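Quick note: the coordinates plus some simple rules give every number you see, no bench work behind them. Owing to the predicted nature of the structure, the values given are computational and were not obtained by experimental measurement. No Cβ is skipped: glycine too gets one built from the backbone with ideal geometry, and neighbour counts run over all protein chains shown.
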Amino acid sequence: MFEQALGLTTLAQTAGAGAAGGLGFMAMALLSAGMRSGVDMILNETGGEKMLAQADLVITGEGRIDAQTLSGKAPTGIAKRARAKGIPVLAVCGQSLLGPAISNELFEDIYSFTDFESDINECIRNPLPILEGIGFNIAKHHLS
């Protein structure tokens with residue numbers, strides 16, 4: 001309604017306009033703010049390209065990897081940059097809801113806590129042995 005009254009319907013469809021409950025839209029509409037990818041900005045500001053140039057393997061992670069992860073979240077942005085340079089990317093997460101085909105486009109492997117322990121509450125209560133197992137598997141399969 002707000003965007004129609006002010007003739008801002010195109011602006012409402014801009015990527016990021018719905019972020020943080022519409023804060024992106026309000027900033028663009030009222031402050032003439034521009035939208036930038038958060039992960040791109042962070043990688044650019046922290047020397048991410050330089051780090052990738054020196055990397056043989058990238059390990060990234062998130063609590064749950066799902067369809068929302070593909071919509072510009074940090075693991076996806078990092079994976080796309082690394083894969084473009086031919087660097088393999090692994091993901092470590094609490095739970096993965098992506099199918100193998102989508103996963104393989106971004107990540108060489110996804111190590112999910114729930115692959116080691118199906119009870120999510122147990123993963124939260126006692127993560128150390130699971131993380132140790134994931135670390136062992138990463139070392140065994142990717143660092144030889």
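Quick check: net charge around L57, other residues with Cβ under 11 Å of its Cβ, Lys/Arg +1 and Asp/Glu -1?
Once positives and negatives cancel, what remains is -3.
Looking at region 28-100, which trypsin sites (Lys or Arg not before Pro) are DSSP coil and have at most 14 other C-beta atoms within 10 Å of their C-beta?
Sparse-neighbourhood loop trypsin sites (Lys or Arg not before Pro): R36, K85.
5 Å is the cut-off here: which amide hydrogens, built 1.01 Å from N in the peptide plane, fall below it relative to I59, excluding neighbours closer than 5 in sequence?
Close amide H contacts, sequence-distant or interchain: L90.
Add +1 for every Lys or Arg and -1 for every Asp or Glu among the other residues with Cβ under 11 Å from the Cβ of R83, and state the total.
Counting the neighbours of R83, the net charge comes to +1.
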